[in-house]
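Read the structure below first, then the notes.
Nothing in this text is a laboratory measurement; each read-out follows from the coordinates by a stated rule. Please read all numbers here as calculations on a predicted model, not as lab measurements. Positions of Cβ are generated from backbone atoms using ideal geometry, with glycine treated the same way; all protein chains shown enter the neighbour counts.
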Amino acid sequence: MDIARTPATPDGNHEMADAAPSPQEPATIRREDYQPFAWLVPETRLDFDLGLESTRVRATLTVAPNDKVAPSPTIRLNGDGLQPASVKVDGEPTQSYVMDGDDLILTLPAGAHEIAIETEIQPASNSQLMGLYASNDMLCTQCEAEGFRRITFFPDRPDVLSTYTVRMRGPKAQLPVLLCNGNRVDTGEEGEMHWAEWHDPWPKPSYLFALVAGDLVARTNHFTTMSGRKVELNVYVREGDLPRTEHAMESLKRSMKWDEETFGREYDLDLFNIVAVSDFNMGAMENKGLNVFNTKYVLADPETATDGDFDGIEGVIGHEYFHNWSGNRITCRDWFQLSLKEGFTVLRDQLFSADMGSEPVKRIEDVRILRSVQFPEDSGPLAHPIRPDSYREINNFYTATVYNKGAEVIRMMRTMAGTERFREGTDLYFERHDGEAATCEDFVTSIEDGAGLDLKQFRLWYSQAGTPQVTARLTHEGQTARLELSQSVPPTPGQSDKKPMPIPLKIALFDRSSGSHRGEELVVLDEARRELTFEGFDAPPVLSINRTFSAPVTIDRDIPRDDLVFLAARDDDPFARYEAMQELMAGYLVAAAGGGLAEDQREAAVGDIAGAMRAVLTDGALDDLMRGELMMLPSQTYLAEQMLVADPGRIHEEREALKAQLGRRLREELHRLYDRAEQLPYSLDLAARGARKVKTQVLVLAAASDPEKAVELAAHQYDRADNMTDRQGALMVLAGTQSPERTTRLLDFYNRHRDNALVVDKWFALQASSLHPQVIEHVKSLADHAEFTLKNPNRVRSLYMAFAGNPHAFHDASGEGYRLIADLILELDPINPQTAARFVPPLGRWRRIESGRSALMREQLERIAAAPKLSRDTYEQVTRSLG
Ligand code: B3K
Ligand code: ZN
């Protein structure tokens, strides 16, 4: 794997690169170095002679000088591992090019030209799954961010937009279906071969190019857009998978309708195709008119997919579809602007899912992800602003910060503007920048102008990394309540001094005796410190702050436990109610794990928590989906995040002990809840989903308090289950026990579903994420299982990502968990560097872990760093993590 990037040549078109990096040191690309490309590529024609082993690509580019910038005598065409078989300019073979590392630099006379280049690629040996590759005897592509350069030489940068015409030719029997972007304009047969020609009328950057060829079948449906255009919709899968595509198709139709109603966005082609692929580095990809999906986000039926899987499919189908406007019609000028399309599209998919299901529960789920993935990123060595300033490997910046914090930042604009004015802002953005490669700045300016907001200071959210910390102190005197708010943004790598940012906080003050408040206020805290006064309170009110999680910050409100119990029982904002419950438990667990609680303090705290939980279990006005959220303990990652230096062993013990206490103290209520929930037959409506969720939560608490009873209940639930949610929930609990039921049900699960790769993934993940004391041994032997392979990213993640996210196993005091992940990274890096690099961040948390484990984590990072040939992906993550 090469990690070297050669320095740019002075051709005026260079990619932004540092001068003279050493061979071991990949170049740093900087946002401030952006230069527009000196050439336009109005048209691109691609001819593919497809074969799994070898594919011939003829690319014909019409190029013309970009008269907005100084002319250049050369054009840089990016390549990655390609050799040009022939190069022609205006129909004549030419030698007037040089190779600069992997790139081809062609000298061109002034004016417009036609460049024709032939390359040959080997899809079947492409294990990186970038560019054109083979998966399960089909051919497919992944080009974002820089995969197109693995197919042909091209200015592979998002600001070069071109209109594509593509002819694909291949063996009829092996590759009966030939798909590409846009519309199919012609087809033909030549003996055993056949071909199809596709034309995409919308100019697009190369990262949105896609091609699929294989033996596929489709579920077909139609959608009529708001202006009356009839669009053909297809979900392509392998033959046996067709029955499991209904939910994906329905999700697509719902997405199309929702985007018309909510953002006024209409689809713009006559055809929209989705293809499910089993070997895929991420969730899905928004290629124009031809979305390629990981099978995980397409295939579902009640027997094989959980409620969470159904939600995931709806969310990802929506996300990729919404990119058609936020990403494709308006794309990014350069990769530093990634959050322009990703942050905005995540917000759009979050709003869509909220409208399709339970809005408060969706909000809680989104915040949980933010806190357990993005907050740790923001407080660790990999912290970066949502619009990064530099990178070595762009694939490392498809992060929770760019995506999820990016969505939060845009959500704050929406909160400050209000839904209607925000819509005026997005309308203006789509109108102003349609057909362009835009910047985050363009987006903010459009919202400012369209929604009438002043976002001057707010732009700091794009440039400053780190999670702001807000301190809130409430005092009371006479009739006056005084709220003192202050903020600070912690230092992050490369950014030591931070400025105050505008933080929109929804606030309500509850009157203790009436149990209600006088109305919610939106306070935008834009200074380091601010004092607010509220009149007319006879007694100290109870503070509810950051309601709906209106800002992605941490709040220190030093609130008495009684007030949290009060809010947990009656805050009318469901998020705030959840938050009170979390804070109640987190406050106790952090203090207990830090060793700072005497026995009587513990007793008092656990008593309060159990009381609050009892109220949750028995509140007849709560729906079960929300009840399930309120029953969940804060995650170990979230708890660790609240400690300067965490001892994962202690956190785990205390958290398990609290579960046991709650299980014991609330046994009656829990069993009553379980019995009630068990009565509901399977359906996908919210009540039935809520019932399944609380059943699993009851089992989780029972497993800690009364393992024998839990095994009995879980085995019974497993045996009776007529759906995957119940079956997986039960097996998750059994997998953590040392019981014969564990062995028999795991075996049953495997035998029942061995032909379904996605369910076999669950089987690996359940064992790797279990509470069983021997998880490390289990993972080691699962890695030798006949069905385990490093070639399939879903399988790798199912075993090792589940393991790395299982604190009691990953942080085993012996350091064996760290070694296991480091071994994996070293073995996977030469095969699939993008996926390998994703395993580095868990080790990068070493600075925030107690000293014994911290040293062991660092040792593993150093071992990886010392490996002779690392990919650019892993090299960058490891060196940043060692910092
Ligand atoms: N845009 C793609 C992600 C591409 C990741 C490349 N490493 C999927 C998405 O965010 O919609
Ligand atoms: Zn996206």
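The figures follow:
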read-out	value
Candidates per trypsin sites (Lys or Arg not before Pro) in region 19-117, loop by DSSP, up to 11 other Cβ within 10 Å	Lys68
Charge context of Glu250, other residues only, Cβ under 14 angstrom, K/R +1, D/E -1	+1
Within the chain, helix-based [θ] at 222 nm, where runs of 4 or more DSSP H residues each add -39,500 (n - 2.57), nearest 500	-12000 deg cm²/dmol
Where the Cα pairs of region 553-705 fall when distances are cut into 5 Å bins, in %	2, 9, 19, 21, 21, 15, 8, 4, 1, 0
Derived scalar couplings ³J(HN,Hα) [region 258-275; Karplus, 6.51 cos²θ - 1.76 cosθ + 1.60; whole Hz; x for Gly, Pro]	4, 5, 5, 6, 8, 10, x, 9, 10, 6, 10, 10, 8, 9, 9, 10, 10, 10
Segment Lys230-Thr187, extension gain: residue separation times 0.36 nm, minus the distance between their alpha carbons	13.3 nm
For region 141-264: relative contact order, % (alpha-carbon pairs under 8 angstrom, 6 or more apart)	23 percent
Long-range amide H partners of Gly51 with built H, under 5 Å	Arg56
Phi-based couplings in Hz for region 806-822 (Karplus 6.51, -1.76, 1.60; Gly and Pro marked x)	10, x, 5, 8, 4, 8, 3, 4, 5, x, 5, x, 5, 5, 4, 5, 5
Least to most buried among Tyr34, Tyr321 (fewest other Cβ within 10 Å first)	Tyr34, Tyr321
Between region 432-467 and region 316-352, the Cα center-to-center distance that results, in Å	14 Å
Extension reserve of the Asp722-Asp619 stretch, reckoned as 0.36 nm per residue once the Cα distance is removed	34.3 nm
Rounded Å value of the spacing that divides the Cα centres of region 252-295 and region 588-637	41 Å
Candidate lysines - alpha carbon under 30 Å from Lys253, same-chain residues fewer than 8 apart omitted	Lys204, Lys230, Lys288, Lys296, Lys341, Lys362, Lys405, Lys693, Lys762
Segment Gln122-Glu246, length gained on full extension (0.36 nm per residue, minus Cα span)	41.2 nm
Ser54 paired with Ser683, simple spin-label distance in nm, labels 7 Å along Cα-to-beta-carbon	6.0 nm
Counted charge near Leu882, where neighbours are those whose Cβ lies closer than 12 Å (Asp, Glu -1; Lys, Arg +1)	+1
Crossing angle, helix 338-356 versus the chain [Cα axis fit, 0-90 degrees, rounded to tens]	50 degrees
In order through region 560-569: 3J(HN,Hα) via Karplus (6.51 cos²θ - 1.76 cosθ + 1.60), integer Hz, x for Gly, Pro	x, 4, 4, 5, 5, 4, 4, 5, 4, 8
Cα gyration tensor shape for region 458-541, rounded if a/c is under 1.5, else prolate or oblate	prolate
Length-normalised contact order of the chain in % [C-alpha pairs under 8 Å, at least 6 apart]	8 percent
Cα gyration tensor shape for region 355-415, rounded if a/c is under 1.5, else prolate or oblate	prolate
Tyr750, Tyr800 arranged by Cβ crowding within 10 Å, fewest neighbours leading	Tyr750, Tyr800
Label-point gap, in nm, between Asp511 and Thr262 - each point 7 angstrom along Cα→Cβ	3.7 nm
Antiparallel DSSP beta bridges within the chain, as percent of all bridges there, nearest 5	80 percent
Percent of beta bridges antiparallel (DSSP, region 232-331, rounded to nearest 5)	15 percent
17 Å Cα-Cα reach of Lys695 towards lysines, excluding residues that sit fewer than 8 places from it in its own chain	Lys659, Lys709
Shape of the chain, Cα gyration tensor, a/c cut at 1.5	prolate
Modelled FRET efficiency - R0 56 Å, Glu859 with Tyr750, Cβ distances, 0.05 increments	0.95
Cα point-scatterer Debye curve for region 335-463, base-10 log of I(q)/I(0) at q = 0.09, 0.21 Å⁻¹	-0.25, -1.31
Relative contact order of region 335-463, defined on C-alpha pairs under 8 angstrom at six or more residues apart (%)	31 percent
Share, in percent, of DSSP beta bridges within region 175-294 that are antiparallel, nearest 5	70 percent
